[in-house]
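The structure under discussion appears below in the form of structure tokens.
What follows draws every value from the coordinates through simple rules; no lab data is involved. Worth saying up front: this structure is predicted, and the values here are computed from it rather than measured. Cβ: placed from backbone, ideal geometry, glycine included. Neighbour counts: every protein chain shown.
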Number of protein chains: 2
Amino acid sequence: THTDPAAFAHADPAAFALADPAAGSRTAGAAPFPQRAAARDAGPRNPPAAAPERGNLTVGAAKAGALLDRQLTLARTRAHSTALQALGSSRFHAIADKVAVLASEVPLAKTAGTTDLRPLATAAQDRLADAVTALPLVVAGHPYNSAALVHGLSPDTVPHPQDAPWHQVRLLLRLHRYAREAVSGPKGNAVVDLRLLAAGQALNRHRDASEASAAAAQAARTPRIAPATAYALGVLHADQRHEVEAARFAFQQAWQKETVGAS
Amino acid sequence: THTDPAAFAHADPAAFALADPAAGSRTAGAAPFPQRAAARDAGPRNPPAAAPERGNLTVGAAKAGALLDRQLTLARTRAHSTALQALGSSRFHAIADKVAVLASEVPLAKTAGTTDLRPLATAAQDRLADAVTALPLVVAGHPYNSAALVHGLSPDTVPHPQDAPWHQVRLLLRLHRYAREAVSGPKGNAVVDLRLLAAGQALNRHRDASEASAAAAQAARTPRIAPATAYALGVLHADQRHEVEAARFAFQQAWQKETVGAS
């Protein structure tokens, strides 16, 4: 009943590789983060004309893309190795055995069949509501409030502290969604589910942009980079902080609809 | 009847000096442009807490501020000298004499008293309406469309071509406002005037941000600057391009109200 770590070990590393930073993106700064570019394509822009503009990338932008590619690939490779070591350990094998046994012989408590799940689901909803109430949603609801870049040039190497409550809400929102599914079944309240999905997607964008801006700031601290590279990383950092702001705005809009629909 | 150029020559240069880039601004990137920070203060932000955050400015941001201060002060000094030379020229004196004579003996045509100004005012309004129709207002009306940063890392040294139509509308809007005042008197249609003023202020913000972003990009081309300085200039450039986007959004909102109110 062992799972085979080799199946993970021989996965094609190219499948994890970053997209070519110079390919198919019009905003040079956003290039290494294709997910964001794709999200923006849903907006009111004209169809992309990537080919003629690709040549406009400055040397600095190309170097910045290569630098980020190198640093993020290194981080991914390290994480990959760590995961492989964990998968090959005897501790993981013991857990895999245990899970396989649990799947066939679920150790249910005697009251499990009659336990009402709804209070637990309500508790998850309350925790989410409390966390959302603590968010600065009034500011987030004003377009172009530029709150996300307030600490733009802070020398701190830690991630932006102002992002943490939003990351927390992202986790609580997912818990709430799972709890709803457990209580009402996968097809219950489909319309409201779509709204929760929109809010969750906005918070996923928020996390991605937050990490992208941190990666750009981190890369800019690399010693002996060219000024043009640092300039491009600065543009990328500010652009991703504005994407953080945009994601908060999108969440506020989605959440507003949710509240109106539920009342 | 000569105007005295000396009155200009001895104006206090300090009155023109740029504000201290490190003083009283929370967004480090926006520091050298206090007008923008002031405009943002009207928004939903918390009251400024400048003192504790000022120490967070990186060396790069401080250097970038000093570099911009130096370059913009040099440009201002040059313009000042050029203006002084023009004011001291015999050609300017001749014009000043002519203007003084015109003020006392206006050479009105015989039909001037009965000419209907309204067709001329309507023509100014039509030119404005045509120019606004050509603007990408649908895109501008979507918050966070990120259209202004599309050419963010273009190596062109010329100002962004996409800004030109907006600058043109700014001039036409001012002409239209003057024409309205000439036709209806300074107190006519005060409510709609406020809306035109809001649209005009948005376009002033647009021009300021456009020039600020160009100044940051230009400063980043200074040879042998430190990477940290270039990074800060990149953040400033992207931030000001987003301010361009924000100003377009504000104009679209103001103009929308104007059209609804007039119909």
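Within 10 Å of each Cβ in B:221-230, how many Cβ atoms from other chains are there, averaged over the peptide?
5
Ordered shortest first, which distances in nm separate the 7 Å Cα→C-beta label point of A:His142 from those of the other copies?
Listed shortest first, these distances are 2.5 nm.
Can you give the relative contact order of region B:115-262 as a percent, counting alpha carbon pairs under 8 Å and 6+ residues apart?
35 percent
Mind listing the label-point distances from A:Ile95 to the same position on all other copies, shortest first, one decimal in nm, points 7 Å along Cα→Cβ?
8.0
How charged is the neighbourhood of A:Ala232? Take every other residue with its Cβ under 14 Å from the Cβ of A:Ala232, and add Lys/Arg as +1 and Asp/Glu as -1.
Overall, the nearby charge balance is +1.
Would you tell me the mean number of C-beta atoms belonging to other protein chains that fall within 10 Å of each C-beta in A:138-151, as a whole number?
6
Output, in nm with one decimal and in ascending order, the distances from the B:Ala112 label point to the matching label points of the other copies (7 Å from Cα along Cα-to-Cβ).
9.8
Over the whole of A:239-246, what's the average partner chain Cβ count within 10 Å per residue? Rounded to a whole number, please.
4
Work out, step by step, the length gained on full extension between B:Val183 and B:Gln256: first 0.36 nm times the residue separation, then minus their alpha carbon distance; give nm to one decimal.
The B:Val183-B:Gln256 span can extend by a further 23.9 nm.
By Cβ position, which chain B residue lies least far from the axis that rotates chain B onto chain A, and what is the distance to the nearest whole angstrom?
B:Gly234, 1
Counting only other residues whose beta carbon sits under 11 Å from that of B:Ala216, what net charge do I get with K and R as +1, D and E as -1?
Net charge in that neighbourhood comes out at 0.
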